[in-house]
Amino acid sequence: MIACVDVPALPLQLVWRDRPEWRALPVVILDEDHPQGTVLWACERARAQRILPGMRYAHALSLVGGLRAEVMAAPRITALVDELAAALRMCSPSVEVARITDRDATEGTFWLDGAGLARTFVDAPHEPAGTRWGQAIAAAVARLGVAAATIVGCTRFGTYALARAARGRGVMVVSNDVDERAAARQVPLARLDVAPKLRDALARLAVTTVGELVRLPAGGVLERFGSDAHRLYELAAGERWDPLVPEPPPDAPDERVLLDDPERDVDRLLFSIKAAVDRLLARLAARHRALTVLHLELTVQHGVHANAVQAVRAAHAIRPAAATLDGRGLLRLVRLRLEGAPLDELTPASGSNRNARSVGVIGVRVWADDQAATREQLNLFAQRPRRDLRAADEAVARLRAELGDDAVVKAVVRDAHLPEARFGWERFGQMVPAAPRPLRTVAGHSWRPLVRRVLMRPKLLPASSPHVRDDGWLINGLEHGAVVRIHGPFVVSGGWWAPGAGEVCREYHFAETRRGECLWVYFDRPRRRWFQHGAVE
């Protein structure tokens, strides 16, 4: 048992849902708000006054003075499709969504698998099998304020053809494959969004319905009209295997933070929660969703014995006044909730020491209930990036005012010979957006660049015999492990051109330790000592 749900003219229905007063007026959807914009969709009232898709907006206005027009962005259509799919998953766990790339359907068509749902949606004795299921599907779609046709039948193509012919009206249940195929053969090809060139070519042969197409010879259809027409022929004749391909439901986004030490201070705890909430809102905005309820779960550690602790989870549901993507407003609500629900009021499970005082929060988890976001919410979220450069500049200005102009500096590269002279410090000016270099790709693998961190002053290493440098040399003590491999030498010399400066001669090496560290060391030949100048990460 398969059900097909078809939402005709989905962009128009989205406009009518936002503007109910336009339902009695001629309405079109444009690709851009401009007199030369192209009409993409036209309602039946507009079509009755000779306005058709492909017409220029200025031409349409000359035909109908009271024409209403709207530009519908693709993300809003995708958001409504996702909203419909989520509602239909309450009627079946297996839902296939027809996307724009689907060759057999337009966006707004859905298929549901009814296998195993007979005991969930029990039909009356006099009703065909699947009647209650179809009614539940139609009710789920109607709650979203859109009109759709719901067909319950046996095959994917048969239910699709009947749904396209119904044009968003009512529920139809076809009890067997024979009746479904007979009804589908009466459907005009124009209702199936057949390519105009193919539709016109078939019309010249007086082939205008699915049944007339099926009566043509299969080999002739392939030879004369191509593979797309032959594929349609096989689907209509039931000669092609056409299984349901359901999409997995999207993962409910949640974010977690594990704290190194138990935390009781609300301000420091909010700092950890803010990072999780910002990541959660970014994931919702990427799916064109807005948060309606923020769920906050705190893992609180309680002392039970002298050497043991017990974790207690405290769950909070924080509801903003309206669906939002504003992280600052949510954090204000979180602060009020945390200040009004002290951690000491939480108690461990029965059987433990219920008088034990809470140690602090050791884990945070946030997730959300969401709904489709409006264009204004998405625009506001996009205009406020995660890294607020203006706020950073204000923080730097406060540091300068309190500690002096030299309190905030940045590293700059300088032209010099020795490594420690190749960089310096200068006063920090203004924050600029980060511009990381793209990763280097070799043979399909991305290689992250290595970072050589240089010490302000080279660190003197303990004296060691040169014969054990490659096997057993302990540069940083036992905790870092011995050197297992060393690369070099790379000789750097200088100073000989400046009288009185002293000659410099260093033999640099890259030393790999047993713990996987890569240290940058050198042997100072005039002083005959080893130094660590940095490390490679």
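Per-residue ellipticity at 222 nm for the chain, helices alone: DSSP H runs ≥ 4 residues times -39500 (n - 2.57), over residue total, nearest 500 deg cm²/dmol?
When only DSSP H runs of four or more count, the value is -9000 deg cm²/dmol.
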Item to complete: Sort L291, L12 so that the residue with the fewest other Cβ atoms within 10 Å of its own Cβ comes first and the one with the most comes last.
Response: L12, L291
Worksheet entry | Those lysines that a straight Cα-Cα span of less than 28 Å connects to K410, excepting residues fewer than 8 apart in one chain | K274, K459
Practice prompt. Kindly put R76, R289 in sequence by how many other C-beta atoms sit within 10 Å of each C-beta, fewest to most.
Written response: R76, R289
Item to complete: Treat the count of other C-beta atoms within 10 Å as a stand-in for reagent exposure and order V300, V521, V122 from fewest to most.
Response: V122, V300, V521
Worksheet entry | Cα-based shape type of region 388-434, given that a ≥ b ≥ c are square roots of the gyration tensor eigenvalues and the cut on a/c is 1.5 | oblate
Worksheet, complete the sentence: In the list [x] -0.57, -0.84, -1.16; [y] -0.86, -1.04, -1.21; [z] -0.59, -0.92, -1.27, the entry giving log10 I(q)/I(0) by the Debye sum over Cα atoms at q = 0.08, 0.10, 0.12 Å⁻¹ computed from the coordinates is [y]
Discussion item. Positive end of the dipole of region 148-268, charges at C-beta (+1 Lys, Arg; -1 Asp, Glu), about the Cα centre: which of S175, T155, G211 has its Cα farthest in that direction?
Written reply: G211
Item to complete: Calculate, for V484 and E507, the FRET efficiency according to 1/(1 + (r/R0)^6) with r their C-beta to C-beta distance and R0 22 Å; round to the nearest 0.05.
Response: 0.65
Worksheet entry | Dipole magnitude of region 159-205 about its Cα centre (Cβ charges: Lys, Arg +1; Asp, Glu -1), debye to nearest 20 | 260 debye
Worksheet item: Want the number for R264 to R448: 0.36 nm per residue separation, take away the alpha-carbon distance, what's left?
Response: 62.4 nm
Discussion item. Apply the a/c threshold of 1.5 to the C-alpha gyration tensor of region 174-245 and tell me whether it is rounded, prolate or oblate.
Written reply: prolate
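About its Cα centre, how strong a charge dipole does region 388-434 have in debye, to the nearest 20, once Lys and Arg get +1 and Asp and Glu get -1 at the Cβ? Spell out each step's value before the answer.
Working: 7 positive and 9 negative charges, 18 e Å.
With Lys and Arg at +1 and Asp and Glu at -1, about 80 debye.
So if R0 is 51 Å, what FRET efficiency would F428 and D31 give, r being the distance between their Cβ atoms, rounded to the nearest 0.05?
0.65
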Fill in: FRET efficiency for R398 and L455, using Cβ-Cβ distance with R0 set to 41 Å, rounded to 0.05
0.85
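What's the magnitude of the charge dipole for the chain around its Cα centre, counting Lys and Arg as +1 and Asp and Glu as -1 at the beta-carbon? Answer in Debye, nearest 20.
Here the chain has a charge dipole of around 800 debye.
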Fill in: Residues with amide H under 5 Å from that of R529, placed H, sequence gap 5 or more
D524
Worksheet, complete the sentence: With the charge dipole of region 36-179 built from beta-carbon charges (+1 for Lys and Arg, -1 for Asp and Glu) about the Cα centre, the Cα from T78, I51, S94 projecting farthest to the positive end belongs to I51
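Values in this text are rule-based calculations from the coordinates and carry no lab data. Computed from a prediction, not measured in an experiment: that's the story for all the values here. Quick reminder, even Gly has a Cβ in these numbers, built from the backbone with ideal geometry, and neighbours come from all protein chains shown.
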